[in-house]
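The values are calculated or read from the model by the stated rules, or taken from the named source; none is laboratory data. Note that the structure is predicted; figures quoted are calculated from it, not measured. Here the Cβ is made from the backbone with ideal geometry for all residues, glycine too, and neighbour counts use every protein chain on show.
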Amino acid sequence: MRERRAIVTLAIGAEFRRRWEDICRPNWSEYAARHGYDLICIDEPLDMSERARLRSPAWQKCLVLSQPFSARYDRIVWMDSDVLVNPHAPDVSVGVPIDNVGAVDEFGIPTARLHRLIRLKQYAHWRRTGVQFIDNPSPRSYYAVYGLAGGFDHVVQTGVMVLSPAHHRDVLERTYRSYEDKGPGWNYEMRPLSYELLAAGRVHWIDPKFNFLYGIYESLHFPFLAESSDRGRLADCLRNARRDTHFLHFAGSTGHMSLAASLEPEAAAGARAGRAAGAPAPAGPGVRSPVVLFIFNRPETTRLVFDAIRAARPARLAVIADGPRPDVPGDVAACAEARSVIDRIDWPCDLRTEMSPVNMGLRARIESGLSWIFAQFEEAIILEDDCVPDPTFFRFCDEMLDRYRNDAKVLSVSGSSFQFGRQRGEGSYYFSRHGHVWGWATWRRAWSLHDPAMTEWPKARRDGWLSTQLSAPVAQQYWEHIFETAYRSAHTWDYPWRFSYWRRYGLHVIPNVNLVSNYGFDDDATHTQQDRSIFAFLPTAPMRFPLVHSDVVQSDVEADDFTEDILYSGNLRRAFERARSRSAALRAARAHGGG
């Protein structure tokens with residue numbers, strides 16, 4: 001006998017009812033008809049008590065399974081009224097045991113690791129912009145801050161749930177009766193209901209695409225929209241989000257629903273299929289310069305960077321991969337998954353790949369990869385697998401590569417700015433002695449200066465050469481230690497590169513807005529493992545065009561001193577100061593104790 005099934009939602013109040021009727025009903029109906037669901041919208045309170053009136057109607061989803069109509073159904077798919085459905089999505093209830101609640105783990109959207117990265121990035125943005133929020137860095141803290149003992153390592157996102165009236169009515173009603181509403185920031189019923197469902201052992205996890213939060217999608221794929229009101233890019237984000245998800249949940253972003261509903265999610269997919277069959281790509285800006293993507297074993301962040309490249313549609317793309325480490329479990333699979341990103345190329349481009357079958361290590365892979373690239377191209381834009389650029393990064397690099405192509409003093413173009421909002425000069429960019437490589441561009445003529453063995457270092461050290469680069473003694477000591485270590489250990493590539501361009505007093509273009517955000521601050525990263533660093537997940541902002549150029553090509557001393565202090569030797573100075581303070585405090589305590 002076929003299951004009797006319904007999709008049920010709650011839309012209490014004229015505004016919510018109108019939004020559901022105008023946007024959700026026509027959107028949901030095709031999906032419901034295709035998979036055999038009735039469609040039910042509750043527009044009157046299920047509990048008329050004073051207690052119910054004083055708290056959010058969202059709690060009343062916990063009463064749905066006790067309503068007379070529910071007895072007619074074997075399955076009820078609960079869906080919040082701020083969800084848009086991809087009409088071609090599969091049946092959400094398939095594979096969910098009848099006695100379990102089918103749900104998405106909020107802290108696993110789209111994966112646990114990426115969710116943690118995005119949550120940290122969002123928190124940093126909210127703190128900077130003064131948005132009030134409850135700090136929930138982990139699932140266990142999500143419950144603990146509410147006063148729920150023990151906790152779990154997952155969180156049921158209650159915006160979409162596959163329910164059974166026969167099996168789940170009691171736990172939903174118990175939650176409704178036993179907990180009070182703490183307000184919007186506490187997610188209404190979600191914390192206690194998730195806790196009760198997990199405590200009862202009644203949850204079956206389903207694909208995150210069935211309840212993908214729009215805010216997470218935007219932060220992952222279009223992070224610059226947090227700082228920009230570009231309606232065209234917003235439409236791109238919404239269209240892509242509808243294409244890439246089954247159920248798109250606009251929690252906190254309902255103002256975008258009307259625009260999202262007007263965009264056909266399959267349009268992009270259809271265009272993609274057409275291009276795969278040989279049809280031309282749609283018109284767009286494209287990128288003139290070759291783009292180089294270095295990858296290794298992080299498929300999640302690799303996909304984010306690739307999405308940015310895909311949106312830019314470079315005519316020439318090179319993907320350079322390091323091989324798996326033989327002694328690290330899972331490396332073979334992770335490297336293979338990262339390399340599969342090239343299967344997503346859906347625009348006409350000259351693709352070149354250099355995939356190492358063995359692990360070369362970061363230094364050898366970067367240096368050999370760049371030498372391989374510049375044997376083929378005069379210039380290139382370079383990204384690693386954790387550096388996610390703003391869309392305007394590519395045009396900025398294109399224009400800078402063109403403008404300074406023949407200026408021997410200028411050796412690279414950076415996408416990163418570590419000035420934290422400080423405007424340097426009157427132009428769109430300034431020049432620095434520091435060449436940042438979290439998304440950058442350079443020329444063959446510049447890379448030809450690279451001396452990986454640092455053959456000039458012993459003489460430079462004896463001659464006191466660093467004093468010609470740096471005036472502060474602590475900075476000279478810091479960089480002497482860095483270069484000496486790099487000379488002896490041969491571990492990293494960027495310090496030899498820095499030494500090479502400092503020896504030639506080279507300059508680097510630095511944008512006056514940050515165009516690249518580094519998502520690599522985690523335990524898997526080679527050199528960036530502090531996810532609380534002030535440089536982790538720095539927000540990006542779009543570059544404004546036409547660019548405002550500078551007539552004077554020389555370093556900005558004030559900006560360079562700030563960078564030196566905040567990013568390099570200033571950290572050593574502050575460590576010494578803390579050590580001296582602790583030592584002085586200890587001496588004072590001993591003197592006081594001895595008196």
Hey, could you check region 75-103 for residues that are in contact with a Phe, Trp or Tyr (Cβ under 6 Å, 6 or more places away or on another chain) and of a type in the set (A, V, I, L, M) and say which is surrounded by the most Cβ atoms within 10 Å (Cβ to Cβ)?
VAL92
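Considering every residue within region 16-34, establish whether at least one is part of a strand (DSSP E or B) and under 21 Å from LYS61 (Cα atoms).
No: zero hits.
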Of the criteria (1) outside the structural domain of LYS409 (by TED's automatic domain parsing); (2) buried (at least 17 other Cβ atoms within 10 Å of the Cβ); (3) modelled with pLDDT under 90, which one PHE562 fails
(3)
In region 478-496, how many are hydroxyl-bearing (Ser, Thr, Tyr) and either in contact (Cβ under 8 Å) with a residue 24 or more places away in the chain or buried (at least 18 other Cβ atoms within 10 Å of the Cβ) (or both)?
4
May I ask you to list pairs of residues, at least six apart or on different chains, whose Cβ atoms are under 7 Å apart, with the first in region 51-77 being of a type in the set (D, E, K, R) and the second being modelled with pLDDT under 95 and surrounded by 15 or more Cβ atoms within 10 Å (Cβ to Cβ)?
ARG55/ASP181
In region 452-477, what residues are without any contact (Cβ under 8 Å) to a residue 60 or more places away in the chain, of a type in the set (S, T, N, Q) and assigned to a helix (DSSP H, G or I)?
SER467, THR468, GLN469, GLN476
How many residues of region 110-131 are surrounded by fewer than 18 Cβ atoms within 10 Å (Cβ to Cβ) and in contact with a helix residue (DSSP H, G or I) (Cβ under 7 Å, 6 or more places away or on another chain)? The answer is 3
Meets criteria (buried (at least 17 other Cβ atoms within 10 Å of the Cβ) and aliphatic (A, V, I, L, M)) for VAL413:
yes
So which of CYS335, CYS349 is touching a residue at least 24 places away in the same chain (Cβ under 8 Å) and under 22 Å from the mean Cα position of the chain (by Cα)?
CYS335
Can you name every residue in region 93-130 that is touching a residue at least 12 places away in the same chain (Cβ under 8 Å) and over 27 Å from THR301 (Cα atoms)?
SER93, GLY95, VAL96, PRO97, ILE98, ASP99, ASN100, VAL101, GLY102
Considering every residue within region 159-174, establish whether at least one is acidic (Asp, Glu) and either farther than 30 Å from HIS35 by Cα or part of a loop (DSSP other than H, G, I, E, B) (or both).
no
Determine if region 290-306 includes at least one residue that is more than 22 Å from the chain's Cα centre (by Cα) and at pLDDT 95 or above.
yes
Looking only at region 202-209, decide whether some residue is touching a helix residue (DSSP H, G or I) at 6+ places or on another chain (Cβ under 8 Å), over 17 Å from GLY102 (Cα atoms) and assigned to a helix (DSSP H, G or I).
no
Hits in region 511-540 - residues which are among the aliphatic types (A, V, I, L, M), modelled with pLDDT under 85 and either more than 11 Å from SER416 (Cα to Cα) or not in a loop (DSSP other than H, G, I, E, B) (or both):
ALA525, ILE534, ALA536
Among the residues of region 59-70, is there at least one that is modelled with pLDDT of 95 or more, among the small types (Gly, Ala, Ser) and within 32 Å of the chain's Cα centre (by Cα)?
no
By residue number, the members of region 26-43 that are buried (at least 16 other Cβ atoms within 10 Å of the Cβ) and not small (Gly, Ala, Ser) are ASN27, TRP28, TYR31, HIS35, TYR37, LEU39, ILE40, CYS41, ILE42
May I ask you to verify whether LEU449 is assigned to a loop (DSSP other than H, G, I, E, B), within 24 Å of GLN476 (Cα to Cα) and either touching a Gly at 6+ places or on another chain (Cβ under 9 Å) or among the β-branched types (Val, Ile, Thr) (or both)?
yes
Residue in region 226-238 that is under 24 Å from ALA103 (Cβ atoms), in contact with a strand residue (DSSP E or B) (Cβ under 9 Å, 6 or more places away or on another chain) and either in a helix (DSSP H, G or I) or not hydroxyl-bearing (Ser, Thr, Tyr) (or both) present
no
